[in-house]
Amino acid sequence: MLVGVVGKPNVGKSTFFAAATLKDVPIADYPFTTIQPNVGVAHLKTKCVCKEMGVTDNPRNSACVDGTRLIPVKIVDVAGLVEGASKGKGLGNQFLDDLRQADALIQVVDASGSTDLEGRKVPPGSHNPVGDITMVEHEFDLWMFGILKKDWEKATRSLEQTGGKIVEHLAERLSGLSVTFADVEHVVLHLHLRTEKPSTWTDDQLMQFVVETRKLTKPSLVAANKADLPTAPPNIVELRKTGRAVVPCASEAELLLRKAAEHRLVEYTPGDSGFTVKDPQRLSPAQSNALRMVDEKVMKVYGGTGVQDAVNQAFFELLQAVVVFPVEDETRLSDKEGRVLPDAFVMKGGSTAIDLARMVHSELAESFLYAVDARTGKRLGSDHVLKDRDIVKIVSSSKRG
């Protein structure tokens, strides 16, 4: 799964990305600092099964900190989007193309209202960030609409003459955007569109199809960045009135804390509601003041910086992701080398036992026999839907041999 970090220029997208991944990226106070997409690794923060199962060994491929598992996930930060991007303005076409494979979106907005639609600085509180959300969504919709509208009349007439299926045609056209046949079928049925006569669809109906498809296949949440600035709170209230999921964020504070933790100046794990200074004597006056401001304006107000919350919500709530622990020995909860609970896989909601086998190794899926629930010892079929925090063993014919 891939989550895209999107938004207009100069709202702190790259700072959010850097805070989530600790990857060095260009960060500056002017539009279009980001030109090429940045791909990095963030971590999901979730409860491990180690304490429940009495395991004390350290995992192999993801950190476990006192019963909290930090699992690597991929996110991408793309160039800022401006109005007219769907027609090529700014870096629009490149921005939109970079989002093709994203499964969900974190839309970063300047909650302080200090940047206009173009990303230029304006007096704090003078710009309403609600308009930024609708602009980004509308530009994405216009871009997708353009993909479908190209040769629409010719294609639909041909389908009607040859008995072709409009759902198959739409799914093929949008396959590069990670849109499936099932997605298209769901939206078409939901909107009660005439599949036998697609040439009669109006532009409004086609746009309605696009909007619903985007909502289904690219679900999003709002990271209300710069939430620690004085003009942000009333804007956060307005953002929440739109009915969208909104997470107040202070990306600069998160980046500061993560850098401080990296240099062992503070004890802090992403997503924590507080931090502890390890040795105050090692801090300069400027560092002490910065950490004090983070504590007073961020931690005590919001209970955290919001960056980790946004990443977690993108995967666990938008994508309904589940964390599954694959093992080879269901009694010892270990792999073949005896390492206990070595892995934790993040999978889309609705994933099955055969999907897990495929994720571990394609050969396991090809020769799949059954799976085993390590907690109960119960056999699971290939179509068994996995639940969060399942511990599963895959049994295959190749493994038996």
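Overview of values
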{"item": "Thr162 vs. criteria out of contact with any Phe, Trp or Tyr (no Cβ under 9 Å at 6 or more places or on another chain), of a type in the set (Val, Ile, Thr), more than 30 Å from Pro234 (Cβ to Cβ) and surrounded by fewer than 14 Cβ atoms within 10 Å (Cβ to Cβ)", "result": "yes"}
{"item": "Flag if Val222 is in contact with a Lys or Arg (Cβ under 9 Å, 6 or more places away or on another chain) and either under 26 Å from Thr115 (Cβ atoms) or not in a helix (DSSP H, G or I) (or both)", "result": "yes"}
{"item": "Lone unmet requirement of (1) touching a helix residue (DSSP H, G or I) at 6+ places or on another chain (Cβ under 9 Å); (2) modelled with pLDDT of 95 or more for Ala357", "result": "(2)"}
{"item": "Given (1) assigned to a loop (DSSP other than H, G, I, E, B); (2) modelled with pLDDT under 95; (3) on the phi < 0 side of the Ramachandran plot, number of the condition Gly119 does not satisfy", "result": "(3)"}
{"item": "Residues being closer than 16 Å to Leu81 by Cα, out of contact with any Asp or Glu (no Cβ under 7 Å at 6 or more places or on another chain) and not polar (S, T, N, Q) - total across segment 108-128", "result": "7"}
{"item": "Any hit, segment 142-157, residues being touching a residue at least 12 places away in the same chain (Cβ under 8 Å), assigned to a helix (DSSP H, G or I), among the aromatic types (Phe, Trp, Tyr) and within 23 Å of Val247 (Cα to Cα)", "result": "no"}
{"item": "Checklist (1) at pLDDT below 80; (2) under 30 Å from Ile166 (Cα atoms); (3) not acidic (Asp, Glu) applied to Thr56, failing item", "result": "(2)"}
{"item": "Any hit, segment 62-83, residues being in contact with a strand residue (DSSP E or B) (Cβ under 9 Å, 6 or more places away or on another chain), over 20 Å from Ala223 (Cβ atoms) and at pLDDT below 75", "result": "yes"}
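Let's see how each residue does on (1) out of contact with any His (no Cβ under 9 Å at 6 or more places or on another chain); (2) modelled with pLDDT under 95; (3) in the same structural domain as Gly274 (by TED's automatic domain parsing):
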site	(1), (2), (3)
Leu174	yes, yes, no
Val179	yes, yes, no
His186	yes, no, no
Met207	yes, no, no
Ala227	yes, no, yes
Pro234	yes, no, yes
Val237	yes, no, yes
Gly243	yes, yes, yes
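For (1) in contact with an Asp or Glu (Cβ under 7 Å, 6 or more places away or on another chain); (2) of a type in the set (Phe, Trp, Tyr); (3) modelled with pLDDT of 85 or more; (4) part of a helix (DSSP H, G or I), each residue gets a yes or a no:
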position	(1), (2), (3), (4)
Val11	yes, no, yes, no
Ala19	yes, no, yes, yes
Ile27	no, no, no, no
Phe32	no, yes, no, no
Ile35	no, no, no, no
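The values are calculated or read from the model by the stated rules, or taken from the named source; none is laboratory data. Predicted, not measured: the structure shown is a model, and the values here were computed from it. Heads up, the Cβs are rebuilt from the backbone with ideal geometry, glycines too, and the neighbour counts pull from every protein chain shown.
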